[in-house]
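The values are calculated or read from the model by the stated rules, or taken from the named source; none is laboratory data. Everything quoted here is computed from the prediction, not taken from an experiment. Heads up, the Cβs are rebuilt from the backbone with ideal geometry, glycines too, and the neighbour counts pull from every protein chain shown. Only protein heavy atoms, including side chains, enter the accessible area calculation; ligands, DNA and RNA are left aside. Shrake-Rupley method; radii C 1.70, N 1.55, O 1.52, S 1.80 Å.
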Amino acid sequence: MKVGIIGCGAIANIIASTIVPEDNNIDIEYFYDNDVERAENLASFANGVAVLDLNDMLDKVDLVLECASPDSVKEHAPNVLSHGIDMIIMSIGAFMDKEFYSKVNDICKKKGTRIHLPSGAVVGLDGIKAVADFNLEEVNLVTRKSPKSLGKDIDEEEVLFEGKASEAVKEFPLNINVAATISLACNHDINVKIIVDPNVDRNVHEITAKGDFGEFKTTTKNFPCSANPKTSMLAALSAIKLLKSFNESITVGL
C-alpha cells in the first residue's frame, strides 16, 4: 500500500520513522506540506518524494494520511476523496462542522471511498461507541494541559473553557481533537472543560459517560511529543496501529 502524507510535522515524522515497508507492506512515499522545506526534509529522511502540488501524488497512492490542521482537511479532503482515495485524518475537529461532514460523507458514498479517524490521544472510544445508541445520557471530557502546550505563562491553575465540544474546537482547533473524536464516536455534542495547569507535565484527558448501561470513566495521561508539546505521543501511535491494521486478518475491538 502506497501512502501519501499531508502535513510533515511532529506526527508525520513519528509515523514515517516507525513504519518499515519491509515489515508492514506499507510504503509512505509522498510528502506534501505548505512549508516545502519541511516536506523535503521528511521525504529525504524517509527516502520518499516531496511534491509541490498535492495533485502530483493522487494518481500514485492508495491512501492519504492527513497530519496538518482542520483547515487543511477542509481544503484538501474533498479533492482526495473525489479521486477515489481513502484517507486517515488526524485533525478530527474539522468534522464538527456539520456542513463539511455532510459534504465529505456524500463524496465518500458517491466514490466508494472511506475516511478513517484514529482514536488519537484518548482511550475508551470502543466503550463510547458501543453504548452510543443505547440511551447514552451524558458524556463529559475534562482536559488538563501544561501552560507550555497552550502557549500560556501562568503560575496557577486556570479554566480556559467550559462548554460544548463544537465550541471548544473553534477556540482551540489545534489542541482539542479529543473532544471532536469523542463527540463523533457517540453522536453527542459532549461537555468539555479545558484547564491549563502548571502542575502537570502531561496532556491529561478524563472521560466520564453515563446511561442505561451504567457508568464508566477513563483517564489518559499522555506525554507530549518532544517536537510539538501541543501533540500527544499517543495520537501518533494510534495512527501507526491503524495503518498496520489494514494488513491484519483478525482485528480486536471496534
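Some points to look at:
- Residue 71 within 20 Å of residue 242 (Cβ to Cβ) and surrounded by fewer than 19 Cβ atoms within 10 Å (Cβ to Cβ): no
- Meets criteria (of a type in the set (A, V, I, L, M, F, W, C) and over 18 Å from the mean Cα position of the chain (by Cα)) for residue 235: no
- Residue that is farthest from residue 207 (Cα to Cα), among those in segment 114-151 that are open to solvent by 50 Å² or more (accessible area, probe 1.4 Å) and part of a helix (DSSP H, G or I): 148
- Residue match in segment 198-205 (condition: open to solvent by less than 30 Å² (accessible area, probe 1.4 Å) and without any contact (Cβ under 8 Å) to a residue 40 or more places away in the chain): no
- Of all the numbered requirements in (1) of a type in the set (Val, Ile, Thr); (2) farther than 20 Å from residue 67 by Cβ; (3) in contact with a Gly (Cβ under 7 Å, 6 or more places away or on another chain), residue 178 misses one, and that requirement is (2).
- Positions within segment 1-27 being of a type in the set (A, V, I, L, M) and either open to solvent by less than 10 Å² (accessible area, probe 1.4 Å) or more than 23 Å from residue 71 (Cα to Cα) (or both), in sequence order: 1, 3, 5, 6, 12, 15, 19, 20, 26
- Selection within segment 215-254 - under 15 Å from residue 90 (Cβ atoms) and part of a helix (DSSP H, G or I): 233, 234, 235, 236, 237, 238, 239, 240, 241, 242, 243
- Identity of the residue in segment 83-113, open to solvent by less than 50 Å² (accessible area, probe 1.4 Å) and not aliphatic (A, V, I, L, M), that ends up farthest from the chain's Cα centre (by Cα): 84
- When the criteria are applied in full, residue 121 meets the requirement of being under 23 Å from residue 221 (Cα atoms), at pLDDT below 95 and in contact with a Leu (Cβ under 6 Å, 6 or more places away or on another chain).
- In segment 206-238, residue least open to solvent (accessible area, probe 1.4 Å) [restricted to those that are in contact with a Lys or Arg (Cβ under 6 Å, 6 or more places away or on another chain) and among the polar types (S, T, N, Q)]: 222
- Which numbered condition residue 42 fails, given (1) touching a residue at least 12 places away in the same chain (Cβ under 8 Å); (2) open to solvent by 60 Å² or more (accessible area, probe 1.4 Å); (3) over 18 Å from the mean Cα position of the chain (by Cα): (2)
- With respect to (1) over 23 Å from residue 71 (Cα atoms); (2) modelled with pLDDT of 95 or more, the lone exception for residue 244 is condition (2).
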